[in-house]
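Written out below as structure tokens is the structure these notes cover.
The values are calculated or read from the model by the stated rules, or taken from the named source; none is laboratory data. All values reported here derive from a predicted model rather than from experimental measurement. All Cβ positions, glycine included, derive from the backbone under ideal geometry; neighbour counts span all protein chains shown. Side chains included, ligands, DNA and RNA excluded: accessible areas come from the protein's heavy atoms. Shrake-Rupley method; radii C 1.70, N 1.55, O 1.52, S 1.80 Å.
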Number of protein chains: 2
Amino acid sequence: MQQGKQSIRFEKTPYIRSCASIVGKKEGEGPLGSYFDKIIEDPLAGEKTWELAESQFQKEALTLALKKGNLEQNQLRYLFAGDLQGQIIGTTFAMKDIGIPIFGLYGACSTAGEALSLAAMTVAAGYADEVGAITSSHLGSAEKNFRFPLEYGNQRPKSATWTVTGSGAFIVSSSQGSVRIKGITTGVIKDYGIKDSMNMGAAMAPAAADVIYQNFQDFDCGADEYDQILTGDLGSVGKEILIKLLKDNHYDISKNHMDCGIKIYDDALQDTHSGGSGCACSAVTLAGYGMDKLMKKEWKKILFVPTGALLSTVSFNEGQTVPGIAHAVILERQS
Amino acid sequence: MQQGKQSIRFEKTPYIRSCASIVGKKEGEGPLGSYFDKIIEDPLAGEKTWELAESQFQKEALTLALKKGNLEQNQLRYLFAGDLQGQIIGTTFAMKDIGIPIFGLYGACSTAGEALSLAAMTVAAGYADEVGAITSSHLGSAEKNFRFPLEYGNQRPKSATWTVTGSGAFIVSSSQGSVRIKGITTGVIKDYGIKDSMNMGAAMAPAAADVIYQNFQDFDCGADEYDQILTGDLGSVGKEILIKLLKDNHYDISKNHMDCGIKIYDDALQDTHSGGSGCACSAVTLAGYGMDKLMKKEWKKILFVPTGALLSTVSFNEGQTVPGIAHAVILERQS
């Protein structure tokens with residue numbers, strides 16, 4: 001049960017019953033476009049604001065995940081949910097009428113890992129049979145929240161990432177599914193003193209390296225335990241740092257590491273610079289691409305490691321650093 | 001284990017091993033002043049910004065709770081923590097160097113209930129032996145985040161609450177303590193269409209009424225099951241609505257209800273209008289006053305119901321409503 005310093009190995013292993021990925025137009029045009037369940041072409045998703053648009057993506061993702069899992073809404077006992085916006089209003093206005101007990105989460109772009117971890121803990125302990133884990137992000141609401149409103153039209157440096165518009169939803173179940181959550185490793189906050197909000201990859205890489213290292217330690221394994229290690233949104237800058245930090249600690253993940261942020265866009269064609277980011281980046285990449293690879297038996301066991309940069313405009317403007325966090329989830333296909 | 005529709009009755013009941021309440025000057029001068037562990041007179045707590053001051057309150061609360069529980073920091077396996085600030089930076093900068101696996105939470109002023117619920121679930125399931133649950137708020141950072149910076153000197157309407165400056169920390173333990181967490185009832189979001197960010201009590205009262213009603217239903221009990229029902233920060237306006245809503249549903253809690261927001265200040269002397277609010281309001285009132293009443297055997301069993309108003313300046317300025325949420329925690333002294 002308690003495994004090593006920061007991990008849990010589930011005895012009654014919960015399943016991923018179903019999942020759904022809803023993305024925006026740009027994500028749909030990217031290399032993973034065909035893996036996503038639905039592409040909403042209108043960036044406002046029929047709403048009046050970026051914030052309500054984000055809520056709409058979340059609503060659709062949950063609805064579709066339930067449908068794919070043959071569940072009614074009222075069969076969900078809990079929701080673990082979060083987003084990037086201040087006071088997670090994307091989640092509030094998505095879930096305000098749904099009537100399901102909800103735990104609001106904030107782990108920046110690591111929230112998909114946090115939500116899956118807590119959902120798995122809840123189901124494995126017998127507190128619930130069906131639990132939703134859902135996260136979202138939206139380019140419009142995120143740029144307004146963290147950098148500049150889109151309408152301002154500022155230039156973006158090469159190290160900047162592009163916030164993924166979308167939402168990924170997972171139904172964690174006690175009884176059904178082809179992929180199991182075998183264990184989790186919960187991350188600690190790591191502060192390497194990065195102060196550049198346009199270089200999130202460098203801020204998050206140490207936290208990712210730390211939680212992956214700890215996962216190897218706690219489960220007494222190495223990189224070859226996993227067919228793939230999927231980090232959240234380190235981008236090309238952060239990926240390089242991650243691989244170096246783990247090499248310094250005698251682990252080589254270069255052969256089976258992919259970063260969802262790098263995978264989701266084609267920088268040469270889509271001008272996205274360092275890659276995708278946002279709570280939705282890792283969530284839709286896992287729900288779309290990752291689960292497909294598991295189901296098609298191309299992968300058997302993976303380590304999913306969403307990564308978050310912990311800042312706000314207030315902390316940034318007050319000259320604070322950007323600490324990072326990452327949470328790891330072990331997913332394995334039933335043979 | 002699963003109890004009714006929204007509740008858990010713990011089989012292996014976790015304990016509150018220790019707790020700590022650190023407050024600001026105004027809270028120290030209020031009716032509960034003598035119950036708090038420490039009063040920090042300087043509103044900046046020796047820091048340069050309101051935000052870092054809030055982090056300092058959180059650090060001191062956790063340190064003191066650990067000390068009172070005879071625990072070293074590294075004996076905590078998890079932290080469940082949150083605050084009111086956008087992207088919960090109060091928590092980030094309090095906990096960034098502590099090296100404990102952390103789940104960041106956002107439930108507005110209900111966060112103390114959310115943190116205690118998840119900490120209890122984690123300990124009762126055997127995932128950890130010692131877990132921290134900690135929340136904070138600060139008048140300066142909250143006014144800046146939600147209304148007007150203090151420096152602006154705006155007038156406050158009579159229905160407005162005063163954000164409590166402070167932090168409450170609890171150590172939830174598998175083995176030690178005189179008070180047990182017997183069960184929890186997790187709330188759903190309730191939206192009654194309130195749009196006034198200066199009248200949070202009215203926004204939160206329906207969520208509080210709903211979760212208390214559900215607690216009575218799930219555990220097949222009524223108001224007399226508890227020596228006291230402590231809501232978070234409804235204030236005088238919200239208290240009236242809460243009692244009426246439950247009366248409409250045939251429960252009378254008027255005789256054993258107290259609201260932490262009303263209790264923490266003396267409006268006549270302190271000009272706080274509708275009462276206290278903020279994540280710290282319920283947390284320090286429970287950690288200081290409530291736990292004292294339990295330990296002195298004046299109360300045996302209580303229902304702790306922190307209440308949260310779910311809004312941000314963005315949602316408010318975009319004309320959205322202020323939905324509410326509340327989470328209930330059943331605390332009982334060992335005979």
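Across the stretch A:11-19, computed HN-Hα scalar couplings (Karplus, 6.51 cos²θ - 1.76 cosθ + 1.60, θ = phi - 60°) run 7, 9, 5, x, 9, 8, 6, 6, 7 Hz from first to last residue, x flagging Gly and Pro.
Remark: spin-label model distance A:Gln3-A:Asn154 equals 4.2 nm, labels positioned 7 Å along the Cα→Cβ axis. On full extension, the segment bounded by A:Asp224 and A:Thr313 gains 28.1 nm, given 0.36 nm per residue less the C-alpha separation. Just the protein heavy atoms count here, and of the accessible area of the stretch A:259-335 at 1.4 Å, carbon and sulfur take up 48 percent. Partner shielding of A:39-51 amounts to 1, given as the average count of beta-carbon atoms from other chains within 10 Å of each residue beta-carbon.
Pairs A:Lys96/B:Lys247; B:Lys195/B:Lys247; A:Lys48/B:Lys96; A:Lys48/B:Lys190; A:Lys38/A:Lys158; B:Lys59/B:Lys144: which exceed 27 Å Cα-Cα?
Numbers: A:Lys96/B:Lys247 24 Å; B:Lys195/B:Lys247 25 Å; A:Lys48/B:Lys96 37 Å; A:Lys48/B:Lys190 22 Å; A:Lys38/A:Lys158 29 Å; B:Lys59/B:Lys144 21 Å.
Beyond 27 Å: A:Lys48/B:Lys96; A:Lys38/A:Lys158.
Interface residues of the stretch B:166-193, defined as those losing at least 20 Å² of solvent-accessible heavy-atom surface relative to the isolated chain (probe radius 1.4 Å), are listed as B:Thr186, B:Val188, B:Ile189, B:Asp191. Averaged over peptide A:273-286, the number of partner chain Cβ atoms lying within 10 Å of each residue's Cβ comes to 0.
For the stretch A:241-335, GluC sites (Glu not before Pro) meeting the loop criterion (DSSP other than H, G, I, E, B) and having at most 16 other Cβ atoms within 10 Å: A:Glu298, A:Glu318.
Heavy-atom accessible surface of the protein assembly as shown, averaged per residue, reaches 32 Å², computed with a 1.4 Å probe. Leaving ligands and nucleic acids aside, the B/A contact buries around 5100 square angstrom of accessible area in total at a 1.4 Å probe radius.
Once you keep just the Cα pairs under 8 angstrom separated by 6 or more residues, what percentage relative contact order results for the stretch B:81-139? Working shown, then result.
Details: 67 pairs, mean separation 24.9, N = 59.
Worked out over the stretch B:81-139, it gives 42 percent.
Would you please give the FRET efficiency between A:Glu11 and B:Lys296, computed as 1/(1 + (r/R0)^6) with r the Cβ-Cβ distance and R0 = 41 Å, to the nearest 0.05? Rounded to the nearest 0.05, the efficiency is 0.50. Close amide-amide hydrogen proximity is noted between A:Ile100 and B:Ile189, each under 5 Å apart and 5 or more residues distant or on a separate chain (H modeled in the peptide plane; Pro and chain starts excluded). Remark on the stretch A:290-335: accessible area falls by at least 30 square angstrom from chain-alone to full-complex state for A:Leu310, A:Ser312, A:Val314, A:Glu318, A:Gln320, probe 1.4 angstrom. Relative contact order of the stretch B:186-322, taken over Cα pairs closer than 8 Å and 6 or more residues apart, is 33 percent. Across the stretch B:262-272, computed HN-Hα scalar couplings (Karplus, 6.51 cos²θ - 1.76 cosθ + 1.60, θ = phi - 60°) run 6, 6, 6, 10, 10, 4, 4, 8, 10, 6, 9 Hz from first to last residue, x flagging Gly and Pro. In this simple spin-label approximation, A:Glu29 and B:Gln270 carry label points 7 Å from Cα along the Cα→Cβ vector, and these lie 5.7 nm apart.
Taking a ≥ b ≥ c as the square roots of the eigenvalues of the Cα gyration tensor of the stretch B:30-122, is the shape rounded (a/c under 1.5), prolate (a/b larger than b/c) or oblate? Intermediate values should be presented prior to the final figure.
On the way: a/c = 1.35, a/b = 1.21, b/c = 1.12.
Rounded.
Under a 5 Å amide H cut-off, with hydrogens placed 1.01 Å from N, B:Gln176 pairs with B:Tyr15 among residues at least 5 apart or on other chains.
Please give the calculated 222 nm ellipticity per residue for chain B, where each DSSP H segment of at least 4 residues contributes -39500 (n - 2.57) and the sum is spread over every residue; nearest 500 deg cm²/dmol?
Result for chain B, helices only: -9500 deg cm²/dmol.
Measuring nothing but how far apart in sequence close Cα pairs (under 8 Å, 6+ apart) lie, relative to its length, chain B scores a relative contact order of 25 percent.
Which peptide among A:83-92, B:143-152, B:1-10 comes first, and what is the full order, when sorted by highest mean count of other Cβ atoms within 10 Å? Could you put the intermediate results ahead of the total?
On the way: A:83-92: 30.7, B:143-152: 16.3, B:1-10: 18.1.
Averaged packing, sorted descending, gives the order A:83-92, B:1-10, B:143-152.
Here the Karplus curve 6.51 cos²θ - 1.76 cosθ + 1.60, taken at θ = phi - 60°, turns the phi angles of the stretch B:24-36 into couplings of x, 4, 4, 5, x, 7, x, x, 9, x, 6, 7, 7 Hz, with x standing for Gly and Pro.
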